[in-house]
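The values are calculated or read from the model by the stated rules, or taken from the named source; none is laboratory data. Since the model is a prediction, treat every value here as computed from it, not as a measurement. Positions of Cβ are generated from backbone atoms using ideal geometry, with glycine treated the same way; all protein chains shown enter the neighbour counts. Surface areas here come from the heavy atoms of the whole protein model, side chains and all, with no ligands, DNA or RNA. Shrake-Rupley method; radii C 1.70, N 1.55, O 1.52, S 1.80 Å.
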Amino acid sequence: MATISLTRIKSGLYSIRWKILVAYLLIIGVAFSVVGVSLLQLVGEYLFTQRVRDDQRVADSLAEQMREPMAAMDVDAMYLSALEICADGLSRVLVLDRYGVVQVDTLSILNGTRLQSAEAADVLAGAESSYGFYNGDDSAWLSALSYASLMTGVFASPILADPETGLGAVIYISQVQEIYESLHDIQLRILTWLIVVAALVILMSVFLIRTITRPVGELREGIAKMSAGDFSARVNVRGRNEFAELAAAFNSMSERLALLDKTRNQFVSNASHELKTPLSTMKILIETILYQDPLDPGMTKEFLNDVNKEIDRLSRIVSDLLTLVNIDSGGMRLNTADLDLNDLLLEQIKRLAPLARENGIELDCSGREAVEVNGDAVKLQQVIYNVIDNAIKYTPRGGEVHASISRAGKKAIVRVADTGIGIPADDLPHIFDRFYRVDKARSRATGGTGLGLSIVKQIVLLHGGTITASSEEGKGTTFTIELPLAAK
């Protein structure tokens, strides 16, 4: 039988633990990444949408204020209105005429120059509004701001004399760096939580994996011991989960294998002993004939007759052993047919009646109602014969053996009761064990092999039935055979 190395088992468990741990971390990492990216996107969209709405409203309001001053080309009035908006020092206003030339710059840098801005071009071309976000270093006209290296929003709104006549445009420039800083802060928080959760997942995973793999490891160690021939290996059953059920099933299997191994060893030992006894007897008898010369012819014939009896006994043992092997290997096939148990019982009573009379035992039966079962007639005859024969052998002269057949629901009941010596309570559970004898000396005197009741039980089981025995020492024994009735 191949054996499993405990070192390989532990190595395999470590591999499983790492795989589970990595799988958990990957799942958490992917989940957090998806949630983090989605959250950043949602928050970013909200913040930028809100900022665009607020700053565009400022640009629209300023464009409305610039309508009359622009129509009158009152640069001073436009400049003062723009300065009020930029009082915080964090924003800038440009006022452009219809040709894109800067008329007012709150920083007084771009006055008189034509502004090259996509947002300005859009509103001068007729758009209701336009905006964009830039890094101050990316545009020369934004670089003069004190926060030029920060993120900047550019919001443009047209100055209209009427819905169809444009006078120019207002460019409102504001700092939007705080939005990026807020998003960066959220990103750092998500990363921090990811690290914290990952650490917690590692700790919980280690605990969970140990909880999961510990019973698996114990089970695999038990299997390794069992594969090495140690059927005493057992696994601790903890809790009431699938692992506990698996451990209980393993322990049950171990117990059955241990019992099977013990039974096998006992069977081999008993079989060897039973075969050795007649062989030893024959050897002694034959050696007596060979080496004691001269030997009386009558004595020689008696010895040879004893040898013949031992050969018959040996033949019965071998035959019974072959029958059991045939049953155990599944080689025994039943030639089933519907048959009447009463006929089988009466036939066996007739066969055994001479033996009963010879031993001074009254043998009778009751039940004349037809009771049909589906079974193998030859095998069932063997069952009834062996049980009645066994009852006759262990009933003293003057005793009785009574057989009966009855119905109970969907079962046929065969009972064989005797008034014999009975079976001690300690021996009763073992009478169907192979080679088991209650009184070994008396059993050998009757010619039994110790396998008859084992064969009877196996045949009954093959027919889907059961056989039990009840006994009281000194008062007799009753064997009860239950078989399924034939389907109608």
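Please give the residues of segment 417-432, grouped as numeric ranges, whose backbone N is less than 14 Å from a label point set 7 Å along the Cα-to-Cβ vector of Glu473. In segment 417-432, the label zone of Glu473 (backbone N under 14 Å from the point 7 Å along Cα→Cβ) covers 421-429. Given a 1.4 Å probe and the protein chains as shown, Thr323 ends up with an accessible area of around 30 Å². For segment 326-433, taking the reciprocal of the average inverse distance between every pair of different Cα atoms yields a Kirkwood hydrodynamic radius of 15.2 Å. In this calculation the C-beta distance from Ala118 to Ser38 is compared with R0 = 35 Å, giving a FRET efficiency of 0.70. Remark: for residue pairs Lys276/Lys411; Lys262/Lys393; Lys301/Lys475; Lys262/Lys410; Lys301/Lys457; Lys410/Lys457, the C-alpha separation exceeds 32 Å in Lys276/Lys411; Lys301/Lys475; Lys262/Lys410; Lys301/Lys457. Take the Cα of Arg333, go 7 Å toward its beta carbon, and the backbone nitrogen atoms of segment 376-390 under 18 Å from that spot belong to 376-380. Approximating the spin labels as points 7 Å out from Cα along Cα→Cβ, the Thr480-to-Leu346 distance works out to 2.7 nm. Residues in segment 103-109 carry Karplus couplings, in order, of 9, 9, 9, 4, 9, 6, 10 Hz; the curve used is 6.51 cos²θ - 1.76 cosθ + 1.60 with θ = phi - 60°, and Gly or Pro positions show x.
The heavy atoms of Ser315 present about 70 square angstrom of accessible area, all protein chains included, probe 1.4 Å. For segment 301-381, the set of trypsin sites (Lys or Arg not before Pro) satisfying both a DSSP loop assignment and a count of at most 16 other C-beta atoms within 10 Å is given as Arg333, Arg368. To the nearest 10, the accessible area of Cys86 is 20 Å² with a 1.4 Å probe.
The label-point distance for Leu188 and Tyr99, in a model that sets each label 7 Å from Cα toward Cβ, rounds to 5.0 nm. Using the Cβ-Cβ distance between His430 and Met204 with R0 set to 45 Å, the FRET efficiency from 1/(1 + (r/R0)^6) comes to roughly 0.25. Between Ser366 and Ile284, full extension at 0.36 nm per residue minus the direct alpha carbon distance yields a gain of 24.7 nm. Extension gain for the segment Val378 to Ser227, taken as residue separation times 0.36 nm less the Cα-Cα distance, is 50.2 nm to one decimal. Across Lys410, Lys276, Lys393, the residue with the most accessible area heads the list, and the full order at a 1.4 Å probe is Lys410, Lys276, Lys393.
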